[in-house]
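To start, the structure itself, in structure tokens.
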Amino acid sequence: MSRDTAATAATAADVVIIGAGAAGLSLAHRLASPAAPTVTLVEPPDGPLRPAERTWCYWDRGAGELDEAVSASWSRLRVHGADGRSVTVDPAPLTYRMLRSADFERLVHTRLARSPNVTVLRATAHTVRDTAGGAEVRCTGPGGRTLALRARHVFDSRPPRALPPARTRLLQHFRGWFVRTATDRFDPAVADLMDFRVPQPRHGLAFGYVLPLAPDRALVEYTQFSRTPLTTEAYEAALAGYCRDVLRLGAYTVESAEQGVIPMTDGRFPRRTGAAVFRIGTAGGASRPATGYTFAAVQRQSRAIAAALRAGRAAVPPPHGRRAAAMDAVLLRALDTGRIDGPEFFTGLFRRVPPERLLRFLDGGTSPAEEWGVGLRTPVGPMLRTALELPFLPRRPAPAGPPTGEKHR
Ligand SMILES: Cc1cc2nc3c(=O)[nH]c(=O)nc-3n(C[C@H](O)[C@H](O)[C@H](O)COP(=O)(O)OP(=O)(O)OC[C@H]3O[C@@H](n4cnc5c(N)ncnc54)[C@H](O)[C@@H]3O)c2cc1C
């Protein structure tokens, strides 16, 4: 017997999920029920592969299954134009909700602990390959043991190593501070989704984002849609300038920070990488190209995958519909070429499109007629010219290097 074989322990389940971030946990959560297939969720041990705490926001209507983990919500949203004029909207019945990843993890892990069909395994996955009747995941488990996990289906949510070939490849990159001010400076009833009263970069666009948690507490972020992330020092300088010159916060302390990079690309992320191996989450293209919002798409996709598995099928529906993907490709290219003014474009949408329809549009839930109506409220000439040119543009490979991620302090 070889050393490798001696050290390898094999276990089997119907489903192996690799990674316990937003997508892995959401799918495990949907599958946690006695009637569901057996599931092994592979979660790396504490260390560099485990992302630090993050804030996930999304909009939803009515009571939701994740409400227990929602730490704040807002029924009014505001956008500040570069000219200083603001628009405040009420997208009822939708509300904007904030989840901290640690609260979501606690909620899901508590439910998984009560579900006899789910096993959570602390291990690092290395390779995934198809086998007869399914797939095998090779991992390093507790104590450095090599484990071979066999399953009928594998759902892999490890962050992508590189972005797919694309015509346009932008990044949404940002840093946020949880601030506490010396005096009451925030209105907890209104979330500022995009505040364009910040200096604009030469390429792409920049905005502030303020999620007020109390009159003296908020998450304040500085975000760019552009080709290259900034250094931490550059984000810090931009945030300090935003807090001082635009928000006029006066004295404040920064209690914690989060930083991230989300792909905004018209590249096609492969959803299937083997006969029994699927990619989910950001790795499977769940980040909406035009906005970077991912969490809501992950919830929709997890529900659909779980329903298919219960019906005895493995299927991963596209996280975004074809029309949404086509419209996003046009917008990304129009932004990247500078043909449209980004701040003017987004502020204009909030000024001209009914808010509930706009948020539904951003979630891919509008009809073709509604989308036509939204399209007419954008700069039609430059968008049309971009749409006509897109079919003739090649999809170019991405430079090597990790395209996504987060950093904390
Ligand atoms: C700071 C930040 C804030 C964001 N805010 C929002 C937001 O407000 N709204 C929104 O919609 N989207 C947001 N996003 C985008 C998106 O929702 C998140 O990136 C989300 O975490 C993506 O989920 P995921 O499961 O694809 O990836 P992740 O959540 O990153 O999960 C990947 C998992 O894979 C695991 N893993 C990695 N390597 C291995 C390995 N070898 N073996 C086993 N497991 C492994 C990691 O530990 C991790 O748990 C944000 C992103 C960041 C970075």
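Neighbour counting of Cβ atoms within 10 Å sorts the residues Asp90, Asp156, fewest neighbours leading, into Asp90, Asp156.
By the Kirkwood approach, averaging reciprocal distances over each pair of separate Cα atoms, the chain gets a hydrodynamic radius of 22.4 Å. Between Thr38 and Ser367, the C-beta separation translates, for a Förster distance of 56 Å, into a calculated FRET efficiency of about 0.90.
Our analysis of the stretch 283-409 gives Rg over Rh at 1.00, with the two radii drawn from alpha carbon positions and Rh computed by the Kirkwood formula. Near Pro37: Cβ cut-off under 10 Å, other residues only, Lys/Arg at +1 and Asp/Glu at -1. The net charge is +1. Relative contact order, whole percent, for the stretch 182-278 stands at 21, derived from Cα pairs under 8 Å and 6 or more residues apart.
Computing FRET efficiency as 1/(1 + (r/R0)^6) for Ser75 and Ala148, where r is the C-beta to C-beta distance and R0 is 60 Å, gives about 0.75. Beyond 18 Å, the tail of the calculated P(r) for the stretch 14-147 holds 64 percent of the Cα pairs.
Here's the picture: charge each Lys and Arg Cβ at +1 and each Asp and Glu Cβ at -1 in the stretch 142-213, and of His153, Gly176, Leu213 the one pushed furthest to the positive end of that dipole is His153. Charge dipole (Cα centre; +1 on Lys/Arg Cβ, -1 on Asp/Glu Cβ; no other charges) of the chain amounts to roughly 1100 debye. Could you work out the local net charge near Asp184, counting Lys and Arg as +1, Asp and Glu as -1, over the other residues with Cβ closer than 14 Å to its Cβ? So the environment of Asp184 carries a net charge of +2. Here, P(r) means the percent of Cα pairs in each 5 Å bin from 0 to the largest distance; for the stretch 158-293 it is 2, 10, 18, 19, 15, 13, 9, 7, 4, 2, 1, 0. The Cβ shell under 15 Å around Thr228 holds other residues with a net charge of +2, Lys and Arg each +1, Asp and Glu each -1. Sites count as exposed loop sites when they are GluC sites (Glu not before Pro), lie in a DSSP loop, and have at most 14 other Cβ atoms within 10 angstrom; the longest stretch of the chain without one is 66-409. Report, in deg cm²/dmol and to the nearest 500, the calculated mean residue ellipticity at 222 nm for the chain, where each DSSP H run with n ≥ 4 adds -39500 (n - 2.57) and the sum is divided by the residue count. Per the formula, -8000 deg cm²/dmol.
For the stretch 239-279, the fraction of C-alpha pairs more than 15 angstrom apart is 68%. Beyond 16 Å, what percent of the Cα pairs of the stretch 110-151 remain? Here the long-distance tail beyond 16 Å is 48 percent of all Cα pairs in the stretch 110-151. Cα centroid distance between the stretch 59-77 and the stretch 162-191, in Å? Centre-to-centre (Cα) distance: 19 Å.
Charged side chains reduced to their Cβ positions (Lys and Arg at +1, Asp and Glu at -1) give the stretch 277-409 a dipole of some 360 debye around its Cα centre.
Throughout, read-outs are computed from the coordinates displayed, never taken from laboratory work. Worth saying up front: this structure is predicted, and the values here are computed from it rather than measured. Cβ coordinates were reconstructed from backbone atoms using ideal geometry, including for glycine residues, and neighbour counts include every protein chain displayed.
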